[in-house]
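Below you'll find the structure, written out as structure tokens, and then a few comments.
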Amino acid sequence: MSEVRRRIPGLTLVEHELSVPLDHADAESEQITVFARELIGETRDAATYPFLVFFQGGPGSEATRTPSAPSAKSWLARALEEYRVLLLDQRGTGRSTPVGTLGGREPEAQAAYLTHLRADSIVRDAELVRKALGVDRWSVIGQSFGGFCVLTYL
């Protein structure tokens, strides 16, 4: 897994990219990239906090972008008091391998590709990210379609 660390006022951002199989049932299948951005608050020892993974709504929407520290009244500001928050760009969105890569494929191949963008595959991606980060357990939260991902996870 590759990692890039940056600081913005009030936060440390750690960007993670991991290659995963398009088809989790076939480890030899085409590889795609999954991107996740870890947010660490400026609280002392925040880098030792447990992870909270946020599953974005959609489907088809990238994770929330955080250009600055969240406002004090947001769920994210509250979460950063106790967690490192991992914002996952679900497969096919944002900086993960985008769906736009389907050009040049026959319609049947496009349909087959899209069958691998469901909640079950997104959860398997998250598990590969968890293992790559060396994390034993983490908490999950989801919004809208992300809630379906959380239910799939459970």
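The values are calculated or read from the model by the stated rules, or taken from the named source; none is laboratory data. Because the structure is predicted, anything quoted here is derived from the model rather than measured. Cβ coordinates were reconstructed from backbone atoms using ideal geometry, including for glycine residues, and neighbour counts include every protein chain displayed. For accessibility, only protein heavy atoms count, side chains too; no ligands or nucleic acids. Shrake-Rupley method; radii C 1.70, N 1.55, O 1.52, S 1.80 Å.
Simple spin-label model, 7 Å along Cα-to-Cβ: ASP45 to HIS24 in nm?
Distance between label points: 3.4 nm.
In square angstrom, what is the accessible area per residue of the range 26-144 with a 1.4 angstrom probe?
52
Using R₀ = 30 Å, calculate the FRET efficiency as 1/(1 + (r/R₀)^6) where r is the Cβ-Cβ separation of ARG118 and GLU3; round to 0.05.
So the FRET efficiency works out to roughly 0.65.
Calculate for the chain the 222 nm mean residue ellipticity that helices alone would give, adding -39,500 (n - 2.57) per DSSP H run of length 4 or more and normalising by residue count, nearest 500 deg cm²/dmol.
-7000 deg cm²/dmol
Calculate what fraction, in whole %, of the accessible area of the chain sits on carbon and sulfur atoms when a 1.4 Å probe is rolled over the protein chains. Please report the intermediate quantities before stating the final value.
Numbers: 4180 of 8090 Å².
Reported share for carbon and sulfur atoms: 52 percent.
Give me the dipole magnitude in Debye, nearest 20, for the chain about the Cα centre, with unit charges on the beta carbon: positive for Lys and Arg, negative for Asp and Glu.
For the chain, the charge dipole is close to 660 debye.
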